[in-house]
Each structure stands twice: as C-alpha cells, then as structure tokens.
1. For the stretch 36-158, what does the alpha-carbon gyration tensor say about shape, rounded, prolate or oblate, given a ≥ b ≥ c as the root eigenvalues, a/c under 1.5 as rounded, and a/b over b/c as prolate?
2. Students often forget the sequence filter, so: which lysines lie under 17 Å Cα-Cα from Lys141 once same-chain residues fewer than 8 apart are removed?
3. What is the distance in Å between the Cα centres of the stretch 1-53 and the stretch 76-98?
4. Would you mind classifying the stretch 16-67 by shape? Square roots of the alpha carbon gyration tensor eigenvalues, ordered a ≥ b ≥ c; an a/c under 1.5 is rounded, otherwise it is prolate if a/b is larger than b/c and oblate if not.
5. First compute the accessible area of the chain with a 1.4 Å probe, then give the percent of it belonging to carbon and sulfur atoms.
6. Can you list which of the chymotrypsin sites (Phe, Trp or Tyr not before Pro) found in the stretch 8-80 are DSSP loop residues with at most 12 other C-beta atoms within 10 Å?
7. Near Lys97, which aspartates and glutamates are there with a Cα under 15 Å away, not counting those fewer than 8 places off in the same chain?
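The values are calculated or read from the model by the stated rules, or taken from the named source; none is laboratory data. From a predicted model like this one, the values you see are computed outputs, not experimental measurements. Here the Cβ is made from the backbone with ideal geometry for all residues, glycine too, and neighbour counts use every protein chain on show. Just the protein is used for accessible areas: all its heavy atoms, side chains included, with ligands, DNA and RNA removed. Shrake-Rupley method; radii C 1.70, N 1.55, O 1.52, S 1.80 Å.
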Amino acid sequence: MTTQTPTYRGWLKLPRNRIGGALFSLGMCLRVPYFATVLPHVTRLEPGRCEARAPKWWGVHNHIGTFHAIAACNLAEAAMGMLAEATVPTSHRWIPKSMNTRYLAKADTGLRAVATVPDLPDFTEITSGTDLVVSVALYDKAGTEVVHADITVWVSPK
C-alpha cells in the first residue's frame, strides 16, 4: 500500500500505550456508537491486521453468564472494521457483505479479537468491486479460540 489511510495515520500519531489505545478506541466508538456496547479497546492496528479486546462485564452476558454470541460478533465486526479502515485506500470504499460465524466454546472471560487479511490485494487492480474476506479469531484469556468469524467485505472504487 503506497499511502496511509486517515484512520491508520491517526493510530500512528497516538502513543503506543494504554492511553493511546483508549483514545483511539473512544474515537472509534464515537464514530460507530454500536461498537461501544462491548467496550472495545484496540491494541494493535496495521494494514491487514487489527487486534482488539473487550472485557466480560454484565452488559455482554447471556442467560448463562458467559460472553454473549452476538456481543462476540460485535467485537469481531469492530476489529474487522478497523482493519478495513486501516487497509482500504481512500480511492475505494468498503462495506460488510456477510459474516460466517462459528461458536467453538463458551467464553467465560473477556475476549481478544484478531482480524487478519494475510494477502492484501493490489487495490489499483480493483476496478469494479471484489470480495475481501477478513478472518477474525476471538480468544479467551487462556488463549483458546472460542469464536471464529469470516467476514466478507465488498470493496469497490469510489
């Protein structure tokens, strides 16, 4: 990628500590208020990768007291969205098209989402639109993958 997106430039201007991550995450939630329901905290961001955490608190509990499946999907979408914002150049737009989610185990702790696109496309070659699949693995505090989502994003020129 030859130019940095505004989102990625903003991330790079902030200090690499909890305060910088908190400020970035607050800005993300102001821009996309629904994400705030899971209290996400972006901890790593670069083109093709985003990591975010969400605590287990009563607002994300389901009827058995674990991290609710749809709250986990919200965290997955937040990580995917920030990856897309840091990756897709301003000459293009993106929008989620579908999400395939597998619930692998009960989530008894807060979660860490890792969104990745290992092989980034050459965006200059995208002239009519294409699907880009973002893989998002959600891990509990023990490092067990408890949810996996593949989110298909439609990328097209503006």
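1. Details: a/c = 2.38, a/b = 2.22, b/c = 1.07.
It comes out prolate by the Cα gyration axes.
2. Those lysines meeting the cut-off are Lys56, Lys106.
3. 12
4. Numbers: a/c = 2.16, a/b = 1.82, b/c = 1.18.
Taking the square roots of the gyration eigenvalues as a ≥ b ≥ c, the stretch 16-67 is prolate.
5. Working: 4660 of 8310 Å².
For the chain, the apolar C and S fraction of the accessible surface comes to 56 percent.
6. On the way: sites: Tyr8, Trp11, Phe24, Tyr34, Phe35, Trp57, Trp58, Phe67; in loops: Trp57.
Counting only loop positions with at most 12 other Cβ atoms within 10 Å, the chymotrypsin sites (Phe, Trp or Tyr not before Pro) in the stretch 8-80 are Trp57.
7. Glu77, Asp131, Asp150
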